[in-house]
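The values are calculated or read from the model by the stated rules, or taken from the named source; none is laboratory data. Given the structure is predicted, the values throughout are model-derived calculations rather than measurements. In this analysis, Cβ positions are derived from the backbone assuming ideal geometry, glycine residues included, and neighbour counts consider all displayed protein chains. Surface accessibility is based on the protein's heavy atoms, side chains included, excluding ligands, DNA and RNA. Shrake-Rupley method; radii C 1.70, N 1.55, O 1.52, S 1.80 Å.
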Amino acid sequence: AKADILTATGSGVANRLEEGKNSSTGTFTDSGVAVAIDNDFDIGEIGGSFASGPVIVNSNGIVTISDAPSVQIGISGVGDLDIGQTSATSGAQAFGIGAMTIERVPLVTVQDNAEIGQTSGTAQASGDGSLTLNDVGNFNIGGILSVGETSSTVGVKNAQGTVNFDLVGILTVNDDFSVGRSQNAGGQDTSNADALISNSNTIFVSNNLEVG
């Protein structure tokens, strides 16, 4: 288990942050410190190259950020936010759980994609991800926002995704906003997702809004 705690003023800069990734448990708590990440922020994620063969992999990550000046993911020009994103191959079983809460932060940016509870691969993968935003001035995603989405032609996938945005002033998704979708036929997939957005001034989606 790993616990990272930031409780001062100023900023914290990292190349990549991983909380509860690939058979681990991790927590990250930040109060008042700006967060800048060069590349990805992975929370409760399991990769298919790790969950491969006759293994059972469990991961659990929890992140809480409050009263920070900003949260910026992918400041190098490349970076995803992956919460409970889970993949399994070659007979593996993978169970990833991730949760992120951000409160009272003026600016949150993701350079590329935000993928919440997404599953993929050729074996058995279960991903459970949640993202909660409260009192966030501007949430900008450079790519897609995917919630509870599956993508497989074989295997068994269970995708559980939840987003709950309250008092997010401006929500910008610069590609598709997908909720509870199965991208490919052939696999035994289940997609369950909820997206609740309330008290926002502006919601902008560049491409498709896809539900179910």
Any idea which of Gly96, Gly74, Thr109 is furthest toward the positive side of the dipole for region 7-125, if Lys and Arg beta-carbons carry +1 and Asp and Glu beta-carbons -1? Gly96
Compare the peptides 161-172, 127-138 by average per-residue count of other Cβ atoms within 10 angstrom and give them in order, highest first. 127-138, 161-172
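What Kirkwood hydrodynamic radius do you get for the chain when you take the inverse of the mean 1/r over all pairs of distinct Cα atoms, in Å?
Numbers: mean 1/r = 0.0599 Å⁻¹.
After inverting the pairwise mean of 1/r, the radius is 16.7 Å.
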Relative contact order, percent, of region 62-212 when contacts are C-alpha pairs under 8 Å separated by at least 6 residues? 20 percent
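Given a 1.4 Å probe, how much area per residue of the chain is accessible, in Å²? Don't skip to the answer; put the middle values down first.
On the way: 8610 Å² over 212 residues.
Dividing the accessible area of the chain by its residue count gives 41 Å².
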Take the alpha carbon gyration tensor of region 24-78, find the square roots of its eigenvalues, order them as a ≥ b ≥ c, and report rounded if a/c is under 1.5; if not, report prolate when a/b exceeds b/c, else oblate. oblate
Using mean Cβ contacts within 10 Å as the protection proxy, how do 90-99, 47-56, 30-39, 117-126 order, highest first? 117-126, 90-99, 30-39, 47-56
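For the chain, with all protein chains present and a 1.4 Å probe, just round the carbon and sulfur fraction of the accessible area to a whole percent.
Working: 4040 of 8610 Å².
The nonpolar share, carbon plus sulfur, comes to 47 percent.
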